[in-house]
Amino acid sequence: TQLLEQSPQFLSIQEGENLTVYCNSSSVFSSLQWYRQEPGEGPVLLVTVVTGGEVKKLKRLTFQFGDARKDSSLHITAAQPGDTGLYLCAGTGAGSYQLTFGKGTKLSVIP
Amino acid sequence: DAGVTQSPTHLIKTRGQQVTLRCSPKSGHDTVSWYQQALGQGPQFIFQYYEEEERQRGNFPDRFSGHQFPNYSSELNVNALLLGDSALYLCASSFGPIRSGNTIYFGEGSWLTVV
């Protein structure tokens, strides 16, 4: 069974600060995705990374896939209150059709 | 272009009852997956349907069953409801199976409360 561990579970920071969220596993994933979920809504895809060592940027968000494709990180620069939400990482294993999700990181950005 | 639509949005059931949740995939999508998200947890994979067949199943009991129709819409049925089945049930659609680089769209979910 593939598992994804996310840390930290909760994060409360001031507007303008930087933060990093981690997603780790002992298993190799074919691809890894990051989602953001607002209360009462479904997850919304932010990015997909597929190549070990890959780095993708989405405005103030930087995503990295580990060289061994077992871990990933999400870095947010100069966080804003609009970044508040639940951030989920999810991976797909080779030959699998399912997404395995981490438990999520609940981010609160205080104005 | 409508995204993934789910119904009902909220419902309350009694232990032992049965429930049916419905999902219409995003236009052009042929694959539907169902996930259960308990409070404070990440979504857990229930199963995926493609070409009206269950392609893969997660670690859920047989009380959870599903169906996909020729128009690609899908239903999730849960029998003999338990209090622990209370959760947000999410439907996700994609074109083809979930693989590297494939974009998956989630609906807003159906909140099920079992009392």
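What is the sum of charges, Lys and Arg at +1 and Asp and Glu at -1, for the other residues whose Cβ falls under 14 Å from the Cβ of A:LYS59? Taking every Cβ under 14 Å from that of A:LYS59, the sum is +3. For chain A, a simple Cβ point-charge model (Lys and Arg +1, Asp and Glu -1, everything else neutral) yields a dipole of about 160 debye relative to the Cα centre.
When Rg and the Kirkwood Rh are both derived from Cα coordinates, the Rg/Rh ratio for the protein assembly as shown amounts to 0.97. Across peptide A:91-97, the average count of Cβ atoms from other chains found within 10 Å of a residue's Cβ is 4.
First measure r as the distance between the Cβ atoms of A:HIS75 and A:VAL28, then evaluate 1/(1 + (r/R0)^6) with R0 = 25 Å and state the FRET efficiency to the nearest 0.05.
Taking R0 as 25 Å, the efficiency between A:HIS75 and A:VAL28 is 0.65.
What order do you get for A:LEU88, A:LEU3, A:LEU107 when you list them from fewest to most C-beta neighbours inside 10 Å?
Result, fewest neighbours first: A:LEU3, A:LEU107, A:LEU88.
Counting neighbouring Cβ atoms within 10 Å and putting the fewest first, the residues B:GLU51, B:GLU108 line up as B:GLU51, B:GLU108. Rounded if a/c is under 1.5, else prolate if a/b is larger than b/c, else oblate: which is region A:27-109, with a ≥ b ≥ c the root eigenvalues of its Cα gyration tensor? Here region A:27-109 falls in the oblate category. Between amide H atoms placed 1.01 Å from N, distances below 5 Å from A:LEU46 occur with A:TRP34, A:TYR35, A:ARG36, all of them 5 or more places distant or on a separate chain.
Counting other Cβ atoms within 10 Å, keep those with at most 15, restrict to DSSP loop, and tell me which trypsin sites (Lys or Arg not before Pro) in region B:15-57 are left.
Those satisfying the criteria are B:ARG15.
Each reported figure results from applying straightforward, stated rules to the coordinates on display, with no laboratory input. Here the structure is a predicted model, which means the values were calculated and not measured. Here Cβ is always computed from backbone atoms with ideal geometry, including for glycine, and neighbour counts include all displayed protein chains.
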